[in-house]
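In what follows, a structure is listed as structure tokens, so that the remarks can point back to it.
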Amino acid sequence: MAQIPVTVKGAELLKAELQRLRSVDRPNVIQAISEARAQGDLSENAEYDAAKEKQSFIEGRIAEIEAKLSNAQVIDPSTLNADGRCVFGATIEVEDMDSGDVTTYQIVGDDEANIKQGKISISSPIARGLIGKSAGDVAEVMAPAGIRSYEILDVQYI
């Protein structure tokens with residue numbers, strides 16, 4: 001499996017989720033399964049079926065997070081020296097050339113992406129259009145609504 005880029009904060013969030021799944025969610029679902037078993041006939045026991053389904057989801061998520069963490073390439077944006085270029089982990093202030101709106105984005109891994117927090121995935125069209133550009137450059141981005149132009153106002157590594 002290829003290495004997965006992730007910021008330091010993203011790696012911490014994955015580790016925290018893994019810890020919660022192992023120490024809280026897994027024991028809770030095991031308890032729910034044992035309580036459902038105690039009710040008798042398992043063939044018509046909806047609580048048992050629901051608990052087993054939840055257990056399957058939890059175990060799958062644990063395996064997924066462990067795989068991601070084992071293949072993670074943790075990148076600390078504050079230690080980057082990319083000569084002002086847009087790279088993974090960079091925080092970029094852009095101006096939409098059509099609307100004049102100024103927005104700040106941080107380019108992060110797929111699991112960390114949250115547009116409401118200004119974090120866009122490295123695989124998103126906007127991030128792909130910004131990568132390699134510097135302040136003052138104009139990035140052409142193919143969006144679902146058509147081509148959008150963004151002027152890069154500032155690039156920071158924070």
Mind pulling the per residue volume of the convex hull built on the Cα atoms of segment 77-156? Å³ is fine.
84 Å³
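What is the calculated FRET efficiency for Ile62 to Leu42, with r their C-beta to C-beta distance and R₀ = 22 Å, to the nearest 0.05? Intermediate results must be reported in sequence, preceding the final value.
Numbers: r = 24 Å, r/R0 = 1.11.
With a Förster radius of 22 Å, E is 0.35.
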Could you give me the ³J(HN,Hα) list for segment 66-75, computed from phi with Karplus coefficients 6.51, -1.76, 1.60 and θ = phi - 60°, whole Hz, x at Gly and Pro?
4, 5, 5, 5, 5, 9, 6, 10, 7, 10
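Using R₀ = 41 Å, calculate the FRET efficiency as 1/(1 + (r/R₀)^6) where r is the Cβ-Cβ separation of Glu151 and Ala16; round to 0.05.
0.65
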Over the chain: helical MRE at 222 nm, DSSP H runs n ≥ 4 each giving -39500 (n - 2.57), nearest 500
-11500 deg cm²/dmol
Take the Cα radius of gyration of the chain and divide it by 2.2 N^0.38 Å, with N its residue count; two decimals is plenty.
1.42
Let me know the volume per residue of the alpha-carbon convex hull for segment 55-120, in Å³.
117 Å³
Tell me, what ³J(HN,Hα) does each residue in segment 142-158 have, in order and in whole Hz, if you take phi through Karplus 6.51 cos²θ - 1.76 cosθ + 1.60 with θ = phi - 60° and put x for Gly and Pro?
7, 9, x, 8, x, 6, 10, 10, 10, 8, 7, 8, 7, 10, 10, 10, 10
Under a straight-distance cross-link criterion of Cα-Cα below 23 Å, which lysines are reachable from Lys119, leaving out those fewer than 8 residues away in the same chain?
Lys9, Lys15, Lys68, Lys133
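Here, each number is a calculation from the coordinates, and none is a lab measurement. If you're wondering where the values come from, they're calculated on a predicted model, not measured in any experiment. Every residue, glycine among them, receives a Cβ derived from its backbone with ideal geometry; neighbour counts consider all protein chains shown.
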